[in-house]
Amino acid sequence: MSKKSNTSKRYTLEFKCDAVALVYSSGKTVTEIARDIGVSPEGLRNWVNQDKTDRGQGPAGVLTTAEREELVRLRRKVREMEQTIEVLGKATAFFANHKTK
């Protein structure tokens, strides 16, 4: 009896692009191509849908890859700024307490 790994495989961007191009050009279903190249059908379907979104053909309100990357970058920056503000607040309180003594 074999166990499936809980860790997901990571595929290169080039592999994903080639797989999506194969879906568009082959005339086969996503499931058939996924079986042929050894990926999950749902994973390949997600890659195709994201490609359509990146090309401006996806549903309204869905983020493009570039927008997702920017969102991650901005959330990280906000988190860093919040930590900086917290440290500065604590430092201000510390020095205010020591000045009055």
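Listed values, structure above:
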{"quantity": "Ellipticity estimate at 222 nm from DSSP helix runs (n ≥ 4, -39,500 (n - 2.57)) divided over the chain, nearest 500", "calculated": "-23500 deg cm²/dmol"}
{"quantity": "Principal axis dimensions, largest first and in whole angstrom, of the chain by Cα", "calculated": "79, 44, 21"}
{"quantity": "Phi to ³J(HN,Hα) by Karplus 6.51 cos²θ - 1.76 cosθ + 1.60 over the range 42-59, Hz, x for Gly, Pro", "calculated": "5, x, 5, 4, 5, 4, 5, 4, 5, 4, 4, 5, 4, 8, x, 10, x, x"}
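Each reported figure results from applying straightforward, stated rules to the coordinates on display, with no laboratory input. No experiment lies behind these values; they were computed from the predicted model shown.
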